[in-house]
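Take a look at the structure below.
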Amino acid sequence: AVTGLFGPVSNLLNAVNVLFFSGAQVLCGRYLGKHMSERTNSVFTLDMEAIVLVSFLLTGFCVLVPGPVTSLLGASPALAGDLAAYIRGYAAGLPFFCMGTQLTAFLQLEQQEKRSYAAILVMFASNVLLNWLFIGVLKMGLFGLGLATSAANFLFFLIQALHYFSGKSAIRLVPRKVIVSDLKDILLNGFPGAASQACIFLRGILLNRIIAASVGQHGLEAFSAVNSFGCIYWAVPAGVTSAVMVLGSVYAGEEDRAGLYTLMKSFLRYGLTLVIFVSLALSASCVPLTRIFFRDPASPVYPMALHGFLLFPFSSILSAFTVGFSNYYHCLGQEKIVRTISF
């Protein structure tokens, strides 16, 4: 129930990350397409400086005053203390998560995806191991659950950052050569995607309150179980739509109309077909997925979770289609269309 209540915070973090990395990614793709390396470095530096500042402010707020956050998320008095403990543990690694997410986007531009894959694998394995250590051995409770995620996020950031510390990266930090006016373009380019995530954040808060009021803690538990597989549902659509963003921004910078046409044709023909196949497979697996969390079919939470696992995967098909075209128009600079889609 606590991790379910915390879900909207993850959406808020996604909004912050998307605001900066999608805007910076589009700009860097355009500048790389025009062989403007100094301008690319400026955008990269500005993006990292801004995300560090914002993420540390968010961390300070969550650590020092978690009470208002628990109230905003709709926690009952019985769950407020546990949620506050989880938030404190999670917030310690929040800056590393945000910085690591930015680096993943830039490593794509440098064709260093294998390093990002390694970072994600280490993050996953370390999180599982530390959950066992902090909760099972050291009995740190929900604070330990959040702290395990923080430590895993630090490793996620470190593995990717080593590429930039090595001096072998094509994109570099240039604090003394920053063009501050690029920040406005980063925010303008990133706003449509961030607005969409912000809407999901607000929707999550409303859903928490509606579920808690109508079906109580069992509803929150079912909702949390289904949402915990959100990354699985979104994995393929995220990869497909990210390819549209990365390649589309380069083709737009090179003014390559044929490249853009081929990209979107491939997205519709192959990308969406793959998304549909994965969605059908996940929906067909609704019973075993439900039994990971809830074993007793007679319990009131079981049918709620079962219907969630049955129906939710199909939302990724519509989402992939919408985000793919939103990213395409984003690369073309059609911001009015993008804002309309996001809204």
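Add -39500 (n - 2.57) for each DSSP H run of 4 or more in the chain, then divide by its residues: what number comes out at 222 nm, to the nearest 500 deg cm²/dmol?
-27500 deg cm²/dmol
If you put +1 on each Lys and Arg Cβ and -1 on each Asp and Glu Cβ, how big is the dipole of the stretch 198-329 around its Cα centre, in Debye rounded to 20?
Around 220 debye, computed over the stretch 198-329.
Using alpha carbons only, how many degrees (0 to 90, rounded to 10) separate the axis of helix 182-214 from the longest principal axis of the chain?
With rounding to tens, the tilt is 10 degrees.
Between the stretch 104-119 and the stretch 156-196, how many Å separate their Cα centres?
14 Å
Return one whole number: the accessible area per residue of the chain in Å², for a 1.4 Å probe.
Result: 49 Å² per residue.
What order do His307, His35, His163 take when sorted by accessible area (1.4 Å probe), most exposed first?
His35, His307, His163
What accessible area, in Å² to the nearest ten, does a 1.4 Å probe give for Thr241?
10 Å²
Here are labelled values, (1) 28, 54, 17, 1; (2) 28, 59, 13, 0; (3) 25, 45, 26, 3, and one is the computed P(r) over Cα pairs in 20 Å bins from 0, in percent for what I pasted. Which one?
(2)
Give the calculated FRET efficiency between Val215 and Ser299 to the nearest 0.05, with a Förster radius of 22 Å applied to their Cβ-Cβ distance.
0.95
Contour minus end-to-end for Ser283 and Asn131, with contour as 0.36 nm per residue of separation and end-to-end as the Cα-Cα distance?
The Ser283-Asn131 span can extend by a further 51.9 nm.
If you count only protein heavy atoms and use a 1.4 Å probe, how large is the accessible surface of Tyr302, to the nearest 10 Å²?
Estimated to the nearest 10 Å², Tyr302 gives 20 Å².
Can you find, among Val2, Ala24, Ala75, the residue farthest towards the positive end of the dipole of the chain? Put +1 on the C-beta of Lys and Arg, -1 on that of Asp and Glu.
Positive-end residue among those listed: Ala24.
To the nearest 20 debye, what is the magnitude of the charge dipole of the chain about its Cα centre, counting +1 on the Cβ of each Lys and Arg and -1 on the Cβ of each Asp and Glu?
Once rounded to the nearest 20, the dipole reads 140 debye.
Leaving ligands, DNA and RNA out of it, rank Phe97, Phe293 by accessible area with a 1.4 Å probe, largest first.
The ranking, largest first, comes out as Phe293, Phe97.
I'd like the carbon and sulfur percentage of the solvent accessible area for the chain, probe radius 1.4 Å, heavy atoms only, ligands and nucleic acids excluded.
69 percent
Indicate the gyration tensor shape class of the stretch 83-220 (rounded, prolate or oblate), computed on the Cα atoms with a ≥ b ≥ c the square roots of the eigenvalues: a/c under 1.5 is rounded; otherwise a/b larger than b/c is prolate and the rest oblate.
oblate
Gap in Å between the Cα centre of the stretch 292-334 and the Cα centre of the stretch 1-79?
Going from one Cα centre to the other spans 22 Å.
So which lysines can Lys168 reach, going by Cα to Cα under 28 Å and dropping same-chain residues fewer than 8 places off?
Those lysines meeting the cut-off are Lys34, Lys114, Lys177.
As I understand it, the dipole of the stretch 39-153 uses +1 on the Cβ of Lys and Arg and -1 on the Cβ of Asp and Glu, about the Cα centre. Which of Ser150, Gly100, Leu58 lies farthest toward its positive end?
Ser150
Cross-link candidates for Lys265: which aspartates and glutamates have Cα within less than 16 Å, leaving aside residues fewer than 8 places away along the same chain?
Answer for Lys265, where 16 Å is the Cα cut-off: Asp256, listed by chain and number.
Among Gly248, Ala298, Phe277, whose Cα projects farthest towards the positive end of the dipole of the stretch 237-324, with charges put on the beta-carbon of Lys, Arg (+1) and Asp, Glu (-1)?
Positive-end residue among those listed: Ala298.
Return one number: the angle in degrees, 0 to 90 and rounded to the nearest 10, between the long axis of the Cα atoms of helix 230-254 and the longest principal axis of the Cα atoms of the chain.
Computed tilt is about 10 degrees.
Starting from the Cα-Cα distance between Thr340 and Ser37, subtract it from 0.36 nm times their residue separation and give me the gain in nm to one decimal.
So the chain would gain 105.8 nm between Thr340 and Ser37.
Compute the acute angle (0 to 90°) between the alpha-carbon long axis of helix 216-227 and the principal axis of greatest extent of the alpha-carbon atoms of the chain; round to the nearest 10°.
The angle comes out near 40 degrees.
Working with all protein chains in place, sort Tyr328, Tyr270 by solvent-accessible area computed with a 1.4 Å probe, largest first.
The residues order as Tyr270, Tyr328, largest area first.
Quick one: length gained pulling Leu121 to Phe61 fully straight, 0.36 nm per residue minus the C-alpha distance?
18.6 nm
Charges only on Cβ, +1 for Lys and Arg, -1 for Asp and Glu: so what's the dipole of the stretch 1-142 about the Cα centre, in debye to the nearest 20?
It works out to roughly 100 debye.
Express in Å², to the nearest 10, the accessible area of Tyr261 obtained by rolling a 1.4 Å probe over the protein heavy atoms while all chains stay in place.
Counting only protein heavy atoms, the figure is 150 Å².
The values are calculated or read from the model by the stated rules, or taken from the named source; none is laboratory data. This structure is a prediction, so every number in the text was calculated from the model and none was measured. Reconstructed Cβ throughout: ideal geometry from the backbone, glycine too, with neighbour counts over all protein chains shown. Each accessible area value is taken on the protein alone, full model and side chains, heavy atoms only, with ligands, DNA and RNA left out. Shrake-Rupley method; radii C 1.70, N 1.55, O 1.52, S 1.80 Å.
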